[in-house]
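Read the figures in this text as sums done on the coordinates, not as results from a lab. All figures in this text were calculated on a predicted structure; none of them were measured in a lab. Methodologically, a virtual Cβ is constructed for each residue, glycine included, from the backbone with ideal geometry; neighbour enumeration extends over all protein chains shown.
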Ligand SMILES: Nc1ncnc2c1ncn2[C@@H]1O[C@H](COP(=O)(O)OP(=O)(O)OP(=O)(O)O)[C@@H](O)[C@H]1O
Ligand SMILES: [Mg+2]
């Protein structure tokens, strides 16, 4: 297995608060890995350590074959991070944000790169307006578009769909699936179990400082076999109803 991420015995405390008490996991190159956990479990802390924004207290953390403590610059060349809170410049337009990042990444044709992403992310209508006028969903889409500039091998998405409506959420899912199909490794955190079900090749649950279970959805389901078998008429979920009413179908 070619590993994009390898974490062994990772520990991190903030003063007396022991957040990570020995986290172990591996992510295969080109796969989608979902990290689940309650508020405050330490998901963002894990991502920040992997993205070299925080240093671990203990343990071994390798990203794209490089050590995050000893070779942080090499790691940064390979990754991109879409943080929990959108990191877009409010005063600039969407297009200007994209061009700015392309220039910061020293790409040869920043305007072309911006145009491609605008088309791909369906931002055409809004792209020449200031970001301060965008809805949450548009901001998220722009944020993710910005993180794809320069074709990183590995992308971290910290709660990419929090606060999005079901339609925008599905758009983000589609983008994430396409990324993985192109060979990009994706590590995402989410509060939505359905999101992990839809997207992730493997799922891990972070609880009280450790990964308490991990595996494919099938493996996780086997851990918790249904207590009894019941035959019931399947009722549509609220999400299905919402989407039917607004005229969208899941998976399109
Ligand atoms: N820089 C910091 N200084 C002190 N405490 C911190 C710092 N960063 C995080 N923490 C604490 O560490 C714990 C884990 O935080 P973290 O943001 O990693 O959780 P999370 O799983 O991402 O939660 P959420 O689902 O709410 O985003 C929390 O108790 C938080 O208050
Ligand atoms: Mg978080």
Cα→Cβ-extended label distance, 7 Å offset, between residue 120 and residue 178, nm: 0.7 nm
Given 0.36 nm per residue, what is the gain on full extension from residue 13 to residue 212 after removing their alpha carbon distance, in nm? 69.8 nm
Mean shadow area of the stretch 3-245, taken as a quarter of the surface of its Cα convex hull (nm²): 15.3 nm²
Mean projection of the alpha-carbon convex hull of the stretch 160-199 over all orientations, in nm²? 2.6 nm²
Isotropically averaged projected area of the stretch 1-122, using the convex hull of Cα atoms (one quarter of hull area), nm²: 9.6 nm²
Can you give the alpha-carbon Rg of the stretch 127-252 over 2.2 N^0.38 Å, where N counts its residues? 1.24
So if R0 is 35 Å, what FRET efficiency would residue 39 and residue 112 give, r being the distance between their Cβ atoms, rounded to the nearest 0.05? 0.30
Given the peptides 173-185, 25-37, arrange them by the average over their residues of other C-beta atoms within 10 Å, most packed first. 25-37, 173-185
From largest to smallest, what semi-axes in whole angstrom does the stretch 103-196 give when each is the square root of 5 times an eigenvalue of its alpha carbon gyration tensor? 21, 18, 11
Please report the antiparallel percentage of DSSP beta bridges with both residues in the stretch 3-245, rounded to the nearest 5. 55 percent
